[in-house]
Amino acid sequence: MAGVNIVFTFFRQVAAMTARTPAKAMAYRPTFSAEMPVDLRRDASVEAAMRACIDLPVLVRTHGGRMVVAAGALAFATTKSAADAARAAWKHSLAGYEMAAGCIALGRDHPDLQPATAALLGDLAQSHRDAVNMILEYPERAGRLLTAVEAGEVGTTYDALMTFMYEDYVPCLTALETAIKRAVQERRSEGERAADAARKRAQDARGQIGSIARTVRLISLNARVEAARAGEAGHAFAVIASEIRALSERTETASTELEASIDAILDHVQRH
């Protein structure tokens, strides 16, 4: 009960301030966003989506906490406008919670998530099913608190919710947050290893192309020498030798451009 008394003392103070400033209470509108972060959306870059993915458990926890605060504000609202503001905050917090929880729970089945992030969350949802179930269960438990507030019976319901949060919900959410961070880091490491391997293969291919170009250039040089020895009879052969030399130069130029293009592509893939 001590926890209930401390929290509700705070709500009483807030309610008293609200009663003294009814105009502000009437003008209250939730200012925090309940929408999916832009960096998680389907058209976001992989790197941006992975960074935003790490913050999802924090969003869940934050919106869940706001729901409890809104219920407490409703419990001690002394005016209709203050009560309406508390209900609006509850509704908005629930929308934000469901958005963040849906990203985690749906994973691959989420229609708007960035694909690589959706796949990562889908795998984690399978391996951390208990945490996902608790995330999905929380709104129902918090809803019981709101119902109790409306009925004027708060203490027991609040204690039950806090027990659930501290003993089960928060530890599972923390473990999920750690798992997401680890999975994102592993994915980055895999991407870096794949990029390094691809760059090495490109460098090897460029080396082979360069070797072929040098061999062709040497053949062209030998052909020009033999054409010169043949005099007028070797004129046609000299023309062919000149074409072979031009081909060798174009091959070397293309090899250099190919390596630069591959490096640019790999750098882009790593960033996105």
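Just so you know, all these numbers are worked out from the coordinates, no wet-lab data involved. Quantities reported herein were computed from a predicted structural model and do not represent experimental measurements. Don't worry about glycine lacking a Cβ; one is built from the backbone with ideal geometry, like all the others, and counts go over all protein chains shown.
On a full-extension model of 0.36 nm per residue, what is the gain between Ala246 and Arg51, subtracting their alpha-carbon distance, rounded to one decimal in nm?
Extra length available between Ala246 and Arg51 comes to 65.2 nm.
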The aspartates and glutamates whose Cα lies under 18 Å from the Cα of Lys80, excluding any fewer than 8 residues away in the same chain, are Glu150
Sorted largest first, the Cα spans of the stretch 152-264 on the principal axes come out in Å as 112, 23, 11
Checking the stretch 78-156 for GluC sites (Glu not before Pro) in a loop per DSSP with at most 15 other beta-carbon atoms within 10 Å yields Glu153
